[in-house]
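Q: So that we are looking at the same thing, I have put the structure below in structure tokens.
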Amino acid sequence: MPVKLLDTYDLSKYVIILTGATDGIGKEMARILAGFNPKRLILPARNKEKGNNSLEYIKSSNGHANNVEIWEMDLADLQSVKNFANKFISEVGELHMLINNAGIETRRQIIKTKNNLELQFQVNHLAPFLLTLLLLDTIKNSVSAELPGKIAYTSSLANKFGEIDFENLNLEKGAYWHFLKGYGNTKLMNVIIAKELARIVQNENITTYSLHPGVIKTNITHMNSGPVTFCLIVIAKMFGLTTEQGAINTLYPVLSPENKETGKYYYEGIEEEPNKVANDPELSKKLWDKC
């Protein structure tokens, strides 16, 4: 796959929210976006100390941190998501770009959140879905043909291994906990929601995206178990892309003015077909309504 490079973009009129900016590709995405002089770049963080570390990283890397803000939000707590959205609507009130980048991978471990939901299902899918819904009217009222809106979901190649079982959306059945299954299901949900959202906002000057950044040297895994996981980590560290290239692969389709089609899935910055079930409009609508 050819290496993608970013041009210089003027984001001075854009208010942007980027989740998952305290580590991995999200941290690099925050640095890159900050360098394009956004009107405001808000980075929600579960851990305020890690959020401040990201802010210091941006300052030391390119010095463009005056418009960058760290706000508290925990995707593993739906009330925290609601609190963040309410505060944002009341204190900021305009939004042009929402990048749902935060994600987690627990492998074979079933971990429950305080909302009694499986951790991957909530953090990777349901909480970003809720955040998007809560902020959707704000985005609609902020964008125009001259200043189009963007809503993006960092998905994964693992969407190809996923499936949608409406009797097991919360990923609690044990059979789903073999290699990458639960994670792949949530990443497929990202793709499907991006496509369904594209249909819903098709006349609102908003473009949606789902994106696979590549195999990255990152810290996404929450809990490791078994020799397969260990081998994958070793392979990723040896052959994986840098977090900077992963960030570029993710941002390139979103920022490039050439990508005007909505609801598309991108693999390392190149448009590609996702799991075929993502193209089923009835399933997409059912998942949206169920969530």
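Q: Per 0.36 nm of contour for each residue apart, how much would the distance between residue 165 and residue 134 grow if the chain were fully extended, relative to their Cα-Cα spacing?
A: Between residue 165 and residue 134, full extension yields 8.6 nm more.
Q: Can you compute the modelled spin-label distance between residue 66 and residue 89, with each label point 7 Å from Cα toward Cβ, in nm?
A: Distance between label points: 3.2 nm.
Q: While we're here: Below 8 Å between Cα atoms, with a sequence gap of 6+, how large is the relative contact order for segment 15-290 in percent?
A: It rounds to 18 percent for segment 15-290.
Q: A further question follows. Restrict the search to segment 126-193; then list the trypsin sites (Lys or Arg not before Pro) that DSSP places in a loop and that have at most 15 other Cβ atoms within 10 Å of their Cβ.
A: Here the sparse-neighbourhood loop sites are 173.
Q: Let me ask you something else. Given the -39500 (n - 2.57) contribution per DSSP H run of 4+ residues, what per-residue ellipticity at 222 nm results for the chain, rounded to the nearest 500 deg cm²/dmol?
A: About -12500 deg cm²/dmol.
Q: On to the next question. About the Cα centre, and with charges only on the beta carbon of Lys, Arg (+1) and Asp, Glu (-1), how big is the dipole of the chain? Nearest 20 debye, please.
A: Here the chain has a charge dipole of around 480 debye.
Q: GNM on the chain, C-alpha springs below 10 Å: top fluctuator among 69, 272, 91?
A: Answer for the Gaussian network model of the chain: 91.
Q: Given a Förster distance of 25 angstrom, what is the FRET efficiency for residue 260 paired with residue 13, based on the Cβ-Cβ distance and rounded to 0.05?
A: With R0 = 25 Å, the Cβ-Cβ based efficiency is 0.85.
Q: Out of the trypsin sites (Lys or Arg not before Pro) in segment 82-130, which ones are loop residues according to DSSP with at most 14 other C-beta atoms within 10 Å?
A: 114
Q: For the chain, rounded, prolate or oblate, judged on the Cα gyration tensor with a ≥ b ≥ c (square roots of eigenvalues), a/c < 1.5 rounded, else prolate if a/b > b/c?
A: Here the chain falls in the rounded category.
Q: Right, here's the next one. Give me the aspartates and glutamates in straight-line cross-link reach of residue 276: C-alpha distance below 17 Å, same-chain residues under 8 apart excluded.
A: In chain and number order, the partners are 163, 165, 196.
Q: Still on this structure, please answer the following. Test of understanding: extend the Cα→C-beta vector of residue 289 to 7 Å, then name every residue of segment 251-278 with backbone N under 19 Å from that spot.
A: Under 19 Å, as judged by backbone N against the label point of residue 289, lie 278 of segment 251-278.
Q: When the convex hull of the Cα atoms of segment 122-196 is projected onto a plane and the area is averaged over all directions, what value comes out in nm²?
A: Computing the convex hull of the Cα atoms and averaging its projections yields 5.7 nm².
Q: Please identify every one of the chymotrypsin sites (Phe, Trp or Tyr not before Pro) in segment 96-177 that sits in a loop by DSSP and has no more than 16 other beta carbons within 10 Å of its own beta carbon.
A: Loop-located and lightly packed - 166.
Q: Follow-up question, since we're still on this one. By how many nm would the segment from residue 79 to residue 48 grow when fully extended, if each residue of separation counts as 0.36 nm and the alpha-carbon distance is taken off?
A: Answer, rounded to one decimal: 9.4 nm.
Q: Same structure again: Got the relative contact order for segment 1-83 handy, in percent, Cα pairs under 8 Å and 6 or more residues apart?
A: 27 percent
Read-outs: derived from the displayed coordinates by stated rules, not from any lab. Note that the structure is a prediction, hence the values are computed from the model and not measured. Backbone-built Cβ (ideal geometry, glycine too); neighbour counts: all protein chains shown.
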